[in-house]
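Data block below; observations after.
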Amino acid sequence: MSSDNPRQSIYDSTAPSTDTRDSRIGEGPDDRFNSKLREAFGSTPFILTKFDKFMNWVRGNSMFMLQFGIACCSIEMIHTYAIKHDLDRFGAGVPRASPRQADVMIVPGTIVSKFGPRMKRVYDQMPEPKFVVGMGSCTISGGPFQEGYNVVKGAEEIIPIDIHVPGCPPRPEALVYGVAKLQERIRNGESSPVVVKPYELEQFGDLEKDELVQKLASEIDEDDLVMRYNWADSP
Amino acid sequence: MSSGLERTRPVETTEDDLEALLGDRALARDDHLNAPGFVIRPDDVQDVLSDLRDEAGFDHLSCLTAQQYEDRYESIYHMKKYADPTQEVSIVVPTTTDDPVSESAAPVFRTADWHEREAFDLVGIDYEGHPDPRRILLPETWQGHPLSLDYDQEKPQLVTLSEHANPIQPDHHDAESDTMFLNIGPHHPATHGVLHVKTVLDGETVVDVDPDVGYLHRCEEQMCQQGTYRHQIMPYPDRWDYVSAGLLNEWAYARAAEDLADIEVPEYAQIIRTMGAELCRIASHMLALGTFCLDVYGDFTAVFQYAFRDREVVQDILEDLTGQRLMFNYFRLGGVAWDLPEPREEFIAKTRDFLDELPAKVDEYNDMVTSNEIFQVRCIDTGVLEPEVAKDYGCTGPVARGSGVDYDIRRDDPYGYYSELDWDVITDDGCDNYSRVLCRMREVEESAKIIEQCLDLLEDWPEDEREIQANVPRTLKPDADTEVYRAVEGAKGELGIYIRSDGTDKPGRFKIRSPCYHNLSALGEMTQGEYIPDLIASLGSLDIVLGEVDR
Ligand code: SF4
């Protein structure tokens, strides 16, 4: 049958589908689903709300977390997912191994120079809208390793962070609270402003040709991605 | 007391024997608190080390410490015997500042490969004849050597992302064959943190494995060198092996520093330490088991959650004892921070309850894990590590014991209260992934035995003799140029610390010998010619924790 002929069957009879619909709606509200909303709206199948608001509500209640272990804090993070603390109770407990399936990234640990570009990459691979919880002092300032030659002074130098959970490590309860706060923010449609971070991935060729860049010119390709750390300006 | 605790030790190599063996290759003596030290020429390294191994039986290159003085660089090879780790010798190799080149020991001991790469990376000594002289912890493009004296921390640095080149492009590893290059990590659920394994595959078989570490190099040695002995260093060990093994790590520092400053620890405190440390070991082995099952058969529901349930109980007990769930900071030089929590009876009863339930839980694990046929098929005869190879790579802990190397510092170089208690060292000669798992599970039972005995002792200890700390001065300033290397049995193996004092209240050099680092270096050997899933299983059975690998 060619596609420009309308399918006859649609015109033949509409009885079956109307029947089903009628029987679904029935007479008055269906008391099998006796919810408050049902009572309020009667038999109408529509709930009136702003679409945005609805989406935010959904987002806040079904968060897929990225399974992302970096350092000591990740042990407490696993405990938060596991038995006893069970983050799943709050609609936020499905750790996804791939960033492409995740909405929320908990950054549980110290970021060092070598890992910075990789974390940025993982963050970039997550689909929008995405949210980040910084767990532990290390993601706030570098924590106990703040003075280290190799330690990035807080994850916020590289990616935007919505919620900081302080502690070294934060207890699981604290992390649960942090996640609950994040849900609240998502529901209210807030997220952290996206600004240019001090440490970004850039193409090597785009960097200003200073002493360091010239020294490395023979080792790095022009179009390789690099991250440049200006330790002297770090907090 | 117990049969397991006495071992036959080889004939002792006396200092005279050593002097005779080294002859005029020994230029001078440079004794350390733990061992006699001999200074040798930088081009005699291979010669001396192979003589020590073959003639005198020093088959364990435990640690290599590199450091820079005003007038020279120095590499110290700390050698021991697997058969008797109390027999030690340090080989000191000085080189000049303008041309720090020293002969590589990698042809003699394979473990020297990673040791020397690290020494080059952080301190800047070149090892001549090293098979693979690259940086290991810091990125390839790093400028300068951070633990050398003239390093400027304010200088900018560049880090590339080039390892993530397109995997479909023709790989540069081998132009001839049609192998495929595969990146595993640094963000991958099976690497237990941030490890990057560069793998070359031929079909589904692994031809080459190059673990790329350093994604968590948090400058622990620098941090410890900046802290004062008395209080500022103790919090850091908790963060090396962070899988609840905190007290075991703290003990490593406590042991080294107490020997350095000559501090006696009261017996009562030793018992508390022993008990706490073994609780940590249980928690750590539980996590190893849980994550291993997660790796091997993706079991996120049963075994993994059970293991975490049991860890929660241990962590509760440790929290009662120390006040923290994970980062305990409970040891002090000369003792522990405080006594058992009041009411004592309640704490002891709670711990006893845990121990009473443990055998049933272990049975349950055996039901679900080790006697599971699928599990056995995955683990038996995969990831084989022969004992001689294990020794060559400096493997220790459950990894070595799973290969039949009977080596446990708690028994062989006793500290704490272990020598007074009745327990056994577990070994298994399967050499495969399965025997490493078995070893850990049985060690959990041994640890429970130790805790039980400690509890008995603590319960009956007379109230007015509960001395928890020795009298230690507020500031410790050990004499300048005293050097000590001491190790304890951490959850993953021999965790050693070298400290050199420079007369101030902070260490002049603080070097950490991490068991995971060396266990991981054997990965390539274990997985060559196996399938990719076996690589993952082998990695899991090594039970590495990246905080300790990278430090
Ligand atoms: S905040 Fe503390 S516990 Fe968390 S990663 Fe940093 S050092 Fe470890």
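Each reported figure results from applying straightforward, stated rules to the coordinates on display, with no laboratory input. If you're wondering where the values come from, they're calculated on a predicted model, not measured in any experiment. Glycine also receives a Cβ, built like all others from the backbone with ideal geometry; neighbour counts cover every protein chain displayed.
Most simply put, the range A:88-219 has about 10% antiparallel DSSP beta bridges, counting only bridges with both residues inside it.
Please give the average number of partner chain Cβ atoms lying within 10 Å of the Cβ of each residue in B:147-160, rounded to a whole number.
What the average comes to for B:147-160 is 6.
Histogrammed with a bin width of 10 Å, the alpha carbon distances of the range B:241-490 distribute as 7, 29, 34, 21, 8, 1 percent, first bin at zero. Peptide A:198-206 has a mean of 1 when you count, residue by residue, the C-beta atoms of other protein chains within 10 Å of its C-beta. Rg and Dmax over the alpha-carbon atoms of the range A:59-125 stand at 12.2, 36 Å. Span-like helix check, chain B: qualifying full DSSP H segments, with Cα axial length of 24 Å or more and mean Kyte-Doolittle of 0.5 or more, are B:267-297.
Distance check, please: which entries in A:Lys84/A:Lys181; A:Lys114/A:Lys153; A:Lys114/B:Lys198 exceed 18 angstrom between their Cα atoms?
Numbers: A:Lys84/A:Lys181 20 Å; A:Lys114/A:Lys153 13 Å; A:Lys114/B:Lys198 16 Å.
Checking Cα-Cα distances, A:Lys84/A:Lys181 exceed 18 Å.
Two numbers describe the Cα atoms of the range B:374-421: Rg and Dmax, which are 14.0, 41 Å. Kirkwood's formula applied to the C-alpha pairs of the range B:300-437 gives a hydrodynamic radius of 18.0 angstrom.
Listed by chain and number, the lysines whose C-alpha is less than 21 Å from the C-alpha of B:Lys81, apart from same-chain residues fewer than 8 away, are B:Lys391, B:Lys492, B:Lys511.
Once the convex hull of the alpha carbons of chain B is built, what does its volume come to per residue, in cubic angstrom?
Working: hull volume 83.9 nm³, N = 551.
Spread over its residues, the Cα hull of chain B gives 152 Å³ apiece.
Can you say what percent of the DSSP beta bridges in the protein assembly as shown, counting only those with both residues inside, are antiparallel? Round to 5. Percent antiparallel among DSSP bridges in the protein assembly as shown is about 75.
Per the Kirkwood formula applied to alpha carbons, the range B:1-88 shows a radius of gyration over Rh ratio, Rg over Rh, of 1.02. Note on the range B:437-551: percent of Cα-Cα distances in each 5 Å bin, starting at 0 and stopping at the bin with the largest distance, equals 2, 9, 11, 12, 14, 13, 13, 12, 7, 4, 2, 1, 0. Computed with the Debye formula from one identical point scatterer per Cα of the protein assembly as shown, without solvent, the log10 of I(q)/I(0) at q = 0.05, 0.06 Å⁻¹ comes to -0.29, -0.41. Shielding value for A:63-72 is 5, the average number of Cβ atoms from other chains within 10 Å of each residue's Cβ. Entry note, the protein assembly as shown: the mean residue ellipticity at 222 nm calculated from DSSP H runs of n ≥ 4, each adding -39500 (n - 2.57), is -11000 deg cm²/dmol after division by the residues and rounding to the nearest 500. Counting other Cβ atoms within 10 Å, keep those with at most 11, restrict to DSSP loop, and tell me which GluC sites (Glu not before Pro) in the range B:11-51 are left. Filter output for the range B:11-51: B:Glu12. Positive end of the dipole of the protein assembly as shown, charges at C-beta (+1 Lys, Arg; -1 Asp, Glu), about the Cα centre: which of A:Ile83, B:Gln67, B:Leu318 has its Cα farthest in that direction? Result: A:Ile83. For the protein assembly as shown, a simple Cβ point-charge model (Lys and Arg +1, Asp and Glu -1, everything else neutral) yields a dipole of about 3620 debye relative to the Cα centre. Its Cα gyration tensor gives the range A:53-187 an equivalent ellipsoid. The semi-axes, each the square root of 5 times an eigenvalue, are 23, 17, 13 Å from largest down.
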